[in-house]
Amino acid sequence: MQKIILASQSPRRKQLLEWAEVPFDIVVKETDESYPEGLNIDEIAVHIARNKALEIKSDFAGSIPILAADTIVVLQGQIIGKPKDREDAVNILSSLSGKQHQVVTGVVILYNEKETAFAETTEVLFHELSLAQIEFYVDNYKPYDKAGAYAIQEWIGVVGIKNINGDFYNVMGLPVSRVVQALQSL
């Protein structure tokens, strides 16, 4: 497979591409993550991913595929972002406790003048979590760079998740098998 540019600093996306043996370099630029009103959740995730890819595109003039992604956690129709601080992380995880939520990752691949864009949704159901469990996770795993304040591959995913419906790796931040298929079709 041809080398790509990963427009993301996410260590989880990096790890997933390494596991898939996709050769890549990481290039990131500061990107506006706002979006126009009226977009549905899938469109929001793709819009933000597209902006990340477009920031990089001019530096490579179509000579190499550019992959960008954005992951959004949604609870009862509301987007849950990254926690601002410890209290916010505890509040977010308390709101997810015992409930089902969606993890939506928007993916955009730019190559030459072609764009491949899609959104992948995975449903996640947490067990009821005690405050002690939530505080243990927040204090020991530092979930501040994660939408929804958790990482499925860490302790809270192992003990706290009752069920998932969809792509596990999507919850980590990249539906990697679908991405690999898209890259192979370029």
Checking Val158, Val179 in turn, the sole residue that is out of contact with any strand residue (DSSP E or B) (no Cβ under 9 Å at 6 or more places or on another chain) and not charged (D, E, K, R) turns out to be Val158
Of (1) over 17 Å from Ile161 (Cα atoms); (2) surrounded by 15 or more Cβ atoms within 10 Å (Cβ to Cβ), Ser95 satisfies every one except (1)
When every residue in the range 119-149 that is crowded, with 19+ Cβ neighbours inside 10 Å and assigned to a strand (DSSP E or B) is compared, the one farthest from the chain's Cα centre (by Cα) is Phe126
Checking Val27, Val108, Val104, Val22 in turn, the sole residue that is more than 30 Å from Ile134 (Cβ to Cβ), buried (at least 21 other Cβ atoms within 10 Å of the Cβ) and not small (Gly, Ala, Ser) turns out to be Val108
By residue number, the members of the range 142-186 that are closer than 21 Å to Gly98 by Cα and of a type in the set (Val, Ile, Thr) are Ile152, Ile156, Val158, Val159, Ile161, Ile164, Val171
Check your understanding: free of Cβ contacts under 8 Å to residues at least 24 places away in the same chain, surrounded by 14 or more Cβ atoms within 10 Å (Cβ to Cβ) and within 15 Å of Gly173 (Cα to Cα): does that describe Lys82?
Key -> no
Picking from Ala68, Ala61, Ala53, the residue that is in a helix (DSSP H, G or I) and either out of contact with any Pro (no Cβ under 9 Å at 6 or more places or on another chain) or over 22 Å from Tyr111 (Cβ atoms) (or both) would be Ala53
Thr116 meets each of (1) in a loop (DSSP other than H, G, I, E, B); (2) surrounded by fewer than 20 Cβ atoms within 10 Å (Cβ to Cβ) with one exception, condition (1)
Of the residues in the range 150-164, those that are loosely packed, with under 14 Cβ neighbours inside 10 Å and touching a residue at least 24 places away in the same chain (Cβ under 8 Å) come to Val159, Lys162, Asn163
Sole miss for Glu55 among (1) modelled with pLDDT under 95; (2) out of contact with any Lys or Arg (no Cβ under 7 Å at 6 or more places or on another chain) is condition (2)
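The values are calculated or read from the model by the stated rules, or taken from the named source; none is laboratory data. Remember, predicted model here, so these are calculated numbers, not experimental data. Neighbour counts run over all protein chains shown; Cβ positions are idealised from the backbone, glycine included.
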